[in-house]
Each structure stands twice: as structure tokens, then as C-alpha cells.
Amino acid sequence: MLSKNGDPNMKKIQLRKSIVLAALCLPALARAGGLYMYEIGTSDLGFAGAGTAARAEDASTVYANPAGMTRLSGNQLVVGGQALYGKADYELDGGGGLAGGDPGNVIGWLPGGSLFYSHSIDDRLKLGVGVYGNFGLALDFGDNWAGRNLVDKAAMMAMTIQPTLAYRLDDRWSLGAGLTANYGLLKIERVALIGGGKQSEKDTDWQYGARLGVMFEPSKSTRIGVVWTSEVEYDFNVVATVPGILPGRTHSFPVGASVNSPQQVMASAYHALNDRWAVTGNLGWQDWSRFSQNSIETNAGTTTSSLKLQDTWHVALGAQYQYSAKARINAGIAYDNSFYKDQDRTMFAMPNGDTWRFGTGVQYVLSPKSELGLAAEYARSDSSSDPSRLLSGTYDHPYMVFLSAHYSHRF
């Protein structure tokens, strides 16, 4: 008689159990797209985000720092468009035992955009609204890779509508506050183990948060801004149909998954050295360690896994040069540490690592009331490895390229 570990049927059952557990975990891991994007199609892209909460040059400060609206005269509109290209090749190490190849690049091209409007009630009181998306990502692993029965495509995207109020206390201090109405979408596709058809699950959720800002202007050439963004927790309910323990069977599990965007704080500074040169900087923090424990509720019980996450820190430096009366040139560099404690113990659905960003851009005055901006940014991350038994592999230094154009108009 074969031993328990040598029984081929038992091996199949153990493999199917592993597939079930992995499939159920995927909705909660969809925040793999889960890190914040600083890039939303505004002039900040050309600075690699440096000085974002202190510059307050146009209506995009509704997002960057609500208090910055007090520096804007009249009514202003900013419309931005953005294209993202991500190169993240996941290479299996061959130890998983599942049939199939590597998924290759799981990101590719993704569009983005934003819209901001600032309205002056008087010199002290401003109202504004912003529409933007800065959380989430879509991953496409393809139909032929080894883990296609777990995930083919996964997307967790969020769009935010932010009504905002700002008030100038005196010549130096301003306060701002915005309510964020966040619309989240979770979608997972996989290839059925039997028959090869596509299985798709999708759910949406509205959640609310806040964005608070303060700006201090010690002189006409210097300003300091600080912004706090609240945690937002999306609750999704999907039915995960996964391969059954017995051959030819499937099981449907109602899954409740929480996908969280953490609270964060960003402090920025802007200083004009002279009529042509200005320098900018950031120091930021995101509370990722808050989500080291993740629970998934099903009608069969609750599963909890430790993600071993840590808080992340952000630092950035930038400069602006007034090339002519109509043109300004921007440049910046930024660094963010990984939310993983160990880059050799990560998850394939959550590519993340220490990241350097390099940005440059130009802003050109079209008329006394309008301006056009173009910017580009390159972001490169450290490699990360997933040691899981089924789909162990590595992302080798993934990178992203952002291209943006924005138009601003004063009324």
C-alpha cells in the first residue's frame, strides 16, 4: 500500500486544497495595486511630487493641500490626463508544480486623469471640488500562465470626489478640509480548472474619508504645508467559485474582503531663492503596518494571514527654474521604502519594493488666463520574491513610466 504522502489521489486533493485557500485570499490581496499613486496628471509629476503640499500654484491644490486654495485668485480650473506604462515581469522559479509558463509583464498601459475647480467666495474663503484616482492598479497575468486557475486578471481601482473648503486665518496661516467620497471597484477573473472557461467576480463599494491641510507662509518667498489623509476601508462581497476537493466538483464561497488604503501624512516646503530659482521638498509617512493582519470571512469560517507589512516613508527634493517670462522648467527626485519587511517574503499579487522616482516637466503660459503643462516621470523599484509553494517567483526590478498633460484656466 502506498503511504499517505505517496498516494497520487491524495496529492491531487492537497493541491486542490491549496488552490482553494489561495483563491480565497486573492480578493484581500487586491490592494496590490494597493499603494498610493502620487501621480494624477498634474504639474506635481514633473517634480516627482516634491513640494506638493506647499506649491499651491493652481486648482490642483484642492488635492495636494486644500489650504492652498487661499493663495488662488478668482476662479480656476485644472484638467489633467495621464498615461502609465508599467513593466513588471513575474518569473516563476519552477518549484510550484503547476503546469504553465510565466505570465510576463502584468501591468502594461493604463490611462488616468483628474479635474479640479477652485471658487473664490472672497479673499479669505474658498470652495473647491476635485475628481481623481490615486489608489489601485490593474494586473493582467494572462490565460496561459501556471496560476491561471487562481487569477487571470485582478483589478482594485478607486475614484474620489472631493468637495473642499479653505479659509485664510491671517497673512500667514490657512486651513483647508475636504470630504472624500471614494468609489471602489474590485474585479477578479480566472480560468476555470474544468472546461477552460472564464470565471469573473466583481463588486463595488462607496466609502468616505477626509483630507485636512494647513499652510504656513512665514514670508512671501517661503511656505510650508502639511496634509493628513484618513484611512479608507472598502468592503467587497464576491462569490469565489474554485476547484473542489473531489474531482469534477466546485465550491462557491461567499467572501467578504476588506481592502484598505492607509492614513498618511505629507509635509512639504517651497522656497524661492530668487526671481528664477525655487526649491521644493517633501517628507511623508503611510500607515501600512496597520494592515499586517488581514482577515477574510466566508460561510466556512474566518482565515487570517500575516502580511508582515511595515510603515512607509517618503522623501523628495525638487527645483523650479523660470526659463523665460512664459516658461518654467521643473525637476525632482523622490524615494519611498517598501511596505514589505522582507523582499524575499512578498506576494505575487502585491509587487512592491523600495522605489526611486525621477521627474521633469515644463509649464508654458498660453495667455494671461491659461497655461499648459507637460511632464514625465520614471519610477523603478527593488526586486521582490514570493516564496509560496504553488507559484513561487520573482519580480526583477519592475518600473513605471508616467506621461501627463494638464491645462489650467483662470476665470
Place a point 7 Å from the Cα of Lys369 in the direction of its beta carbon; the residues of segment 52-95 whose amide N falls under 13 Å from it are 74-77
Everything considered on the Cα gyration tensor (a ≥ b ≥ c; rounded for a/c under 1.5, else prolate if a/b is larger than b/c, else oblate), segment 95-234 must be described as prolate
For Asn149, other-chain or 5+-apart residues with amide H closer than 5 Å (H placed, Pro excluded) are Val191
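Coordinate-derived values only; no laboratory data. Note that the structure is a prediction, hence the values are computed from the model and not measured. Note that each Cβ is placed from the backbone with ideal geometry, even for glycine, and that neighbours are counted across all protein chains shown.
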